[in-house]
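**Q** Submitted below is the structure of interest, expressed as structure tokens.
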Amino acid sequence: MKFKFLVLLALTGIIYRPVMAADRINSDTDSIPVLNRVAPEFRLNDINGNQVSLSSFKGKTVVLDFWATWCYYCHLNFPAMQKAIDHYQNSNEVVFLFIDTRERVDDIVSAVKQDLKKHGYHFRVLLDEKGSEGLQNKFYKIYDMAGIPTRFIIDANGIIRYKLEGHYAKRSDEENAAEIISLIDKTVQMSK
């Protein structure tokens, strides 16, 4: 049974990479490396047809969450992300953007809206563009990901400070949210 499940995951392209520092959160040193890469600029449409660019959030910390409606681990990660959003709901320093990517349906907007409604989330969702292969993965490739979910925390100057890949299921939603919140707080401080 386990083998069939793994084959199914491989065939659907779902990738699980627990590289978040989940088991190291209580260490004395920051175990998630700080990145110093300029975040690639994008101009993407949201699910309501409005164009959104990364540069329009200059001066704010931006959390990008790349996901897809079919991605099991993305959905497991959403409760922690919602807790992080709730934590910063009164902050004008932090912005959360969810970039839907790698969809396999014709009507992506409807699929995303149905998925959000089904799960009760009100995320600000942007739609990845088609890449060179004709797949909805242009910025997935530009941001150099091995799989989804992948989250980037970008400082107020447009520098990627943290990249979190996968979902760490051994921790509670509260623990996963605490890690994201801690990294966001560190990123805000780096920008000052």
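The values are calculated or read from the model by the stated rules, or taken from the named source; none is laboratory data. These figures come from a predicted structure and were not determined experimentally. Positions of Cβ are generated from backbone atoms using ideal geometry, with glycine treated the same way; all protein chains shown enter the neighbour counts.
**Q** Within the stretch 72-126, can you find the residues that are surrounded by fewer than 18 Cβ atoms within 10 Å (Cβ to Cβ), of a type outside the set (A, V, I, L, M, F, W, C), out of contact with any Asp or Glu (no Cβ under 8 Å at 6 or more places or on another chain) and not in a helix (DSSP H, G or I)?
**A** Across the stretch 72-126, the qualifying residues are GLN89, ASN90, SER91, ASN92, GLU93, ARG104, ASP106, ASP107, GLY120, TYR121, HIS122.
**Q** Something else about it: Looking at the structure I just gave you, is ASP155 more than 19 Å from VAL34 (Cα to Cα) and modelled with pLDDT of 95 or more? Even if it seems obvious, please write down each step before you answer.
**A** On the way: more than 19 Å from VAL34 (Cα to Cα): no; modelled with pLDDT of 95 or more: yes.
Spelling it out, it is not the case that ASP155 is more than 19 Å from VAL34 (Cα to Cα) and modelled with pLDDT of 95 or more.
**Q** Another one. Please find, among ASP65, ASP86, ASP115, the residue that is of a type outside the set (Val, Ile, Thr) and more than 30 Å from ASN157 (Cα to Cα).
**A** The conditions single out ASP115.
**Q** Can you tell me which residue among GLY166, GLY131 is farther than 18 Å from PRO40 by Cα and either over 15 Å from the mean Cα position of the chain (by Cα) or in contact (Cβ under 8 Å) with a residue 12 or more places away in the chain (or both)?
**A** Residue meeting the stated conditions: GLY166.
**Q** Looking only at the stretch 67-86, decide whether some residue is touching a residue at least 24 places away in the same chain (Cβ under 8 Å), farther than 27 Å from ILE181 by Cβ and not hydroxyl-bearing (Ser, Thr, Tyr).
**A** So far as the stretch 67-86 goes, yes, one or more of its residues are touching a residue at least 24 places away in the same chain (Cβ under 8 Å), farther than 27 Å from ILE181 by Cβ and not hydroxyl-bearing (Ser, Thr, Tyr).
**Q** Which condition number does ASP155 fail, the rest of (1) in contact (Cβ under 8 Å) with a residue 12 or more places away in the chain; (2) closer than 25 Å to ASN48 by Cβ being met?
**A** Condition not satisfied by ASP155: (2).
**Q** Can you pull out every residue in the stretch 46-68 that is touching a strand residue (DSSP E or B) at 6+ places or on another chain (Cβ under 7 Å) and either part of a loop (DSSP other than H, G, I, E, B) or among the aromatic types (Phe, Trp, Tyr) (or both)?
**A** ILE47, PHE57, LYS60, PHE66, TRP67, ALA68, listed by residue number.
**Q** Considering only the stretch 162-178, state which residues are over 17 Å from PHE98 (Cβ atoms), buried (at least 17 other Cβ atoms within 10 Å of the Cβ) and at pLDDT below 95.
**A** Residues satisfying the conditions are TYR168, ARG171.
**Q** Can you confirm whether the stretch 36-45 contains a residue that is in a helix (DSSP H, G or I), over 13 Å from the mean Cα position of the chain (by Cα), of a type in the set (D, E, K, R) and at pLDDT 95 or above?
**A** No, there is no match, as no residue in the stretch 36-45 is in a helix (DSSP H, G or I), over 13 Å from the mean Cα position of the chain (by Cα), of a type in the set (D, E, K, R) and at pLDDT 95 or above.
**Q** Let me ask something else about it. Please enumerate the residues belonging to the stretch 134-152 that are under 16 Å from GLU103 (Cβ atoms) and in contact (Cβ under 8 Å) with a residue 60 or more places away in the chain.
**A** Result: PHE139, TYR140, MET145, GLY147, ILE148, PRO149, THR150.
**Q** If you check VAL94 against the conditions, is it in contact with a strand residue (DSSP E or B) (Cβ under 8 Å, 6 or more places away or on another chain), at pLDDT 95 or above, under 20 Å from TYR140 (Cα atoms) and not basic (Lys, Arg)?
**A** So VAL94 fails the test.
**Q** I need the full set of residues from the stretch 101-112 which are in contact (Cβ under 8 Å) with a residue 40 or more places away in the chain and within 22 Å of PHE152 (Cα to Cα), in order please.
**A** From the stretch 101-112, those in contact (Cβ under 8 Å) with a residue 40 or more places away in the chain are 101-102, 109, 111-112; that's our starting set.
Matches in the stretch 101-112: THR101, ARG102, VAL112.
**Q** Kindly provide the set of residues from the stretch 77-105 that are under 15 Å from the mean Cα position of the chain (by Cα) and aliphatic (A, V, I, L, M), ordered by number.
**A** If the condition is that a residue be under 15 Å from the mean Cα position of the chain (by Cα) and aliphatic (A, V, I, L, M), then ALA80, MET81, ALA84, ILE85, VAL94, VAL95, LEU97, ILE99 are the ones that fit.
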